[in-house]
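Comments concern the structure below.
Each reported figure results from applying straightforward, stated rules to the coordinates on display, with no laboratory input. Only a predicted model underlies this, so the values are computations on that prediction, with no experimental measurement involved. Positions of Cβ are generated from backbone atoms using ideal geometry, with glycine treated the same way; all protein chains shown enter the neighbour counts.
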Amino acid sequence: MISLNAYDYAFIIGFFLITLTIGFVVSKKSGKSSSEYFLSGRTMPWWLLGVSMVATTFSTDTPNLVTDIVRNQGVSGNWVWWAFLITGLLTVFVYAKLWRKSGVNTDIEFYELRYSGKPAKFLRAFRAIYLGVIFNVLAMAAVTLAAIKIGQIMLGLSPLQTVGIAGLVTVIFSAVGGFKGVVYTDFLLFFVALFGGVAAAYYCVNLPEVGGLNALLQNELVAEKLNIFPSFDDKETLITLLIIPLAVQWWSAWYPGAEPGGGGYIAQRMLAAKDENHAIGATFFFNILHYAFRPWPWILVALASLVLYPDVASIQQAFPNIAEDKLGHDLAYSAMLTKLPNGLLGVVLTSLVAAYMSTISTHLNWGSSYVVNDFYVQHINQKASQKELVNVGRISTVILMVVSAALALVLTNALQLFNIILMFGAGTGLIFILRWFWWRINAWSEISAMLVSGVISILINFTAFGAYMFGGTDSEGLTITGVMPGWMTYPFVVLVTTLIWILITYLTASDTKETLYNFYTKIQPGGPGWYKIVNQSKKEGISIEQNENQSWNVPSGILATIVGCIVIYSALFATGYWIYGEYFKACIVTTVFVVFSFMLKGLWKKIKAIVF
């Protein structure tokens, strides 16, 4: 437990007061209508939305997750989330424009724009609860769990005290200020959290026990964890950490903030943008900061923690008051922060509070937008006034906060929940990518994929079937050799889910011509997947193409995605090599970054997007 002085308390209390003030200042305008409360009237600029996206993913559980990964699997273990850059840039160069064109209030409302009949209505309502409540609560619980661990180690607070203090302030300004309050506070939260993360990394690396950057990199426990890529000699690790994420995971998995084709709170921000260009600019800005620059401060703290706390037992010895069910490698991040001096300690604690509040506030507003727009209005009161809708949004915000906080009290670590969410979304991602560009996909495709991935994930993770198929332990603790290697778990779920949803797609009726014609007319997706519908409309004398001579811009978008990945990955690697002191590699990768940045600029002009 640390001791805070007057400067530390001034930073923390001042920050709480500022965020609450912002929420109350914008509350009057946010409360005018549900559109203002959830999308701020669709008037937001790219830079504000981009910063908000970054702030939202800058959550308290992310440093803990990265620390857990680095301590267990090394720096290369981060490919489990670095691979999501591919789908992130596809969202930038292909899907951002489509989402903004749709004009929907939530990405769940998309279902009744794209699909027809009762299956579309059911899917919209079910996904609103499934994602907006169940999965959203799981994600918020992981963030709250991280806050609990920070409160225990750094301040000696009980879990209930941490949840009560941080949760209360967050839910007040989220419920009162709505989306505008969330985005405005995110702008402040981002800079506070970024400064705190960098400052913490600098101080922790230079602790006397660590000895500075050179000593850290030469430490035996750290040296074996430094590789950015997993060893090619260890085939199982290579497949698990690099090949599966890059070959399968990025397009097949659903995960909050990294949905294939865009979705969730990323889609909410694209829908709130002034226009299509601002939607594209916001998502690109987010991906640059999220993947290229932000991970390294967390990684450095994680590596430094290996010097002071080489294993979980050493963490437990240093902090004997930590509850046994909360012990894990992810605690090492908070443990390192206890070494900070007063003054800086207040800033870093404030940055962690900022990270917590930005993420939770976004999830609360996003989740309640589903409850209001896609469930309450559709199935409870279709004639509800705007005032009533705003009130329902505020009530659902409070309920989501309470439920997620209760769940956080029974969880153990962030990586545990990350893997569960990842598995439950396995195999569904391809639908989210193709549904814009293939007319034959229908509501039953998504319903079947969602159910199958959930059932198979439960069978593998919580029954004897998983141990039999992929190895593990039986009820008596005996080791079982699986039919297939353990690394096949995720690809197996994806394969079975994909085969079943494709089969169901062809066994069920397609959407009505009216729905397909209206969707194409509004969105203009183009491409070979719509040739049959376009030709059919021409035969009927109905025009659904606005410009028949305009070339399909998706190939350019895919090329821009590939070049953009090279740009951002090279920035990520170059930063790492400069830190490692591997200057020859750093110069080469930096050159790649510069060359491909110019190429991307040219491609961006070609697809008629804004250029920074």
Okay, helix-only estimate at 222 nm for the chain: each DSSP H run of n ≥ 4 adds -39500 (n - 2.57), divide by all residues, round to 500 deg cm²/dmol; what do you get? -20500 deg cm²/dmol
Between GLU540 and LEU507, how high is the FRET efficiency from 1/(1 + (r/R0)^6) when r is the Cβ-Cβ distance and R₀ = 25 Å? Nearest 0.05. 0.40
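Between LEU168 and LEU559, what length comes free when the chain is fully extended (0.36 nm per residue of separation minus the Cα-Cα distance, one decimal in nm)? The partial results should precede the final answer.
Working: separation 391, 0.36 × 391 = 140.76 nm, distance 4.59 nm.
Separation in residues times 0.36 nm, less the Cα-Cα distance, equals 136.2 nm.
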Partner lysines whose C-alpha sits under 20 Å from that of LYS539, ignoring same-chain residues fewer than 8 away, are LYS513, LYS522
Using a simple spin-label model with points 7 Å from Cα along the Cα→Cβ vector, what separation in nm is obtained for PHE232 and SER385? 6.9 nm
Among the lysines in segment 1-156, how many pairs, 8 or more places apart or on different chains, have alpha carbons under 26 Å apart? 5
Note the angle between two axes, namely the Cα long axis of helix 386-408 and the longest principal axis of the Cα atoms of the chain, as a number of degrees from 0 to 90, rounded to the nearest 10. 40 degrees
Taking the alpha-carbon distance from LYS180 and a cut-off under 12 Å, which aspartates and glutamates remain once sequence neighbours fewer than 8 residues away in the same chain are dropped? GLU36
Note: GLU209 to LYS522 extended length (0.36 nm per residue) minus current alpha-carbon separation gives 106.5 nm
THR338 and THR481 label points (each 7 Å along its Cα→Cβ direction) are spaced in nm at 4.4 nm
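Please sort 258-265, 343-350, 201-208 by packing, taking for each peptide the average over its residues of neighbouring beta carbons within 10 angstrom, highest first.
The peptides rank, most packed first, as 258-265, 343-350, 201-208.
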Expected unfolding gain across ASN5-VAL403 under the 0.36 nm per residue rule, minus the alpha-carbon gap, is 139.9 nm
On a 0 to 90 degree scale, rounded to 10, what angle separates helix 414-424 from the longest Cα axis of the chain? 20 degrees
Relative contact order for the chain using alpha-carbon pairs under 8 Å, separation at least 6, rounded to a whole percent? 25 percent
How do the peptides 13-23, 148-158, 233-243 rank, highest first, by the average count of neighbouring beta carbon atoms within 10 Å per residue? 148-158, 13-23, 233-243
Angle check, please: helix 159-205 long axis (alpha carbons) against the longest principal axis of the chain (alpha carbons), in degrees 0 to 90, nearest 10. 50 degrees
